[in-house]
Amino acid sequence: MTPSTSSAITLNINGEKHTLPVDHRTTLLDALRERLDLTGTKKGCDQGQCGACTVLIDGRRAVSCLQLAVAAEGREITTIEGVADGDRLHPVQQAFLDLDGYQCGYCTPGQICSALAVIEEHAAGWPSAVTADVRPEAGVPQLTAEEIRERMSGNLCRCGAYVSIVEAVARAAQVQAAEAAQGPSAGTEAAA
Ligand code: FES
Ligand code: FES
């Protein structure tokens, strides 16, 4: 018997379940864009080098062009369409908007998804390749421009908006830290 080359899978994207038949070779990127009309996630190189297709899988960054859709079944996938809270932009989105962290905008969904994870990874104390002191007792490194550049280095911007992108990530990290310090209702109150 010839093995089947397609299956029906259920993807959990932005809190919603989507069941669809896919060829086993379909990437998550193509499933999002071509099958589910979630075109916010962009295709740049289609070979894992530009970061335009970055999404979050179980909260971690992943380039969706190198991920098979079938392998994403059962995971929590967040795309740019799921980042805002209704009409309220996420602080990372707001910072990109306020500080012009883009020009053409093509790389921006991937930049924002990466930035979301960068801020979480940094707050959790993860060191980067440019962290001077990686001993646990050294604590969380300062989120300097150099740290942000290194941590965001998987996301290319053909427009060269890097200076503003770094500023936007730094601003968003400050806003999120301030909101976290004020407690869970801070964001809701700010939006009211
Ligand atoms: S399109 Fe996936 S990394 Fe470039
Ligand atoms: S804003 Fe144009 S590629 Fe980054």
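What follows is calculated from the coordinates using simple rules that are stated; it is not laboratory data. All figures in this text were calculated on a predicted structure; none of them were measured in a lab. We place every Cβ from the backbone using ideal geometry, glycine too, and count neighbours over all the protein chains shown.
Using +1 on the beta carbon of Lys and Arg, -1 on that of Asp and Glu, and nothing else charged, what's the dipole of region 99-189 about the Cα centre, debye to 20?
The calculated dipole for region 99-189 is roughly 260 debye.
How high is the relative contact order of region 91-191, in percent, with contacts defined as C-alpha pairs under 8 Å that are six or more residues apart?
41
So, R0 is 25 Å and r is the distance between the beta-carbons of Lys17 and Arg60; what FRET efficiency does that work out to, to 0.05?
Between Lys17 and Arg60 the formula returns 0.75.
Expressed as a whole number of Å, what is the distance separating the alpha-carbon centroids of region 9-31 and region 48-86?
11
Nearest 5 is fine: what % of DSSP beta bridges in region 1-132 come out antiparallel, could you say?
Antiparallel: roughly 90 percent of the beta bridges in region 1-132.
Report the net charge of residues surrounding Ala62, where surrounding means a beta-carbon distance below 12 angstrom and charges are Lys +1, Arg +1, Asp -1, Glu -1.
Local net charge: +1.
Which value, in debye to the nearest 20, gives the size of the charge dipole of region 10-143 about its Cα centre, when Lys and Arg are +1 and Asp and Glu are -1 at the Cβ?
280
Kindly state, to the nearest 0.05, the FRET efficiency for Glu121 paired with Met1, given R0 = 30 Å and r defined as their beta-carbon distance.
Computed FRET efficiency for Glu121 and Met1 comes out at 0.05.
Defining a contact as two alpha carbons under 8 Å apart and six or more residues distant in sequence, what relative contact order in percent does region 18-119 show?
That works out to 30 percent.
Multiplying the sequence separation of Ala8 and Glu81 by 0.36 nm and subtracting their Cα-Cα distance, what value in nm do you get?
So the chain would gain 24.0 nm between Ala8 and Glu81.
How much net charge surrounds Ala52 when only the other residues with a Cβ under 10 Å from the Cβ of Ala52 are counted, with Lys and Arg +1 and Asp and Glu -1?
+2
Using helices alone, what [θ] at 222 nm do you get for the chain, with -39,500 (n - 2.57) per DSSP H run of 4 or more residues, divided over all residues and rounded to the nearest 500?
Calculated at 222 nm, the ellipticity per residue is -9500 deg cm²/dmol.
Kindly put Cys157, Cys104, Cys53 in sequence by how many other C-beta atoms sit within 10 Å of each C-beta, fewest to most.
Cys104, Cys157, Cys53
Relative contact order of the chain: what whole-number percent is it, with Cα pairs under 8 angstrom and at least 6 residues apart?
RCO, the chain: 20 percent.
Does anything in region 93-124 have its amide N under 16 Å from the 7 Å Cα→Cβ label point of Ala138, and if so which residues?
It comes to 122-124, nothing else.
I'm a student and want to see the number: the projected area of the Cα convex hull of the chain, averaged over all directions, in nm².
Reported value for the Cα convex hull: 12.8 nm².
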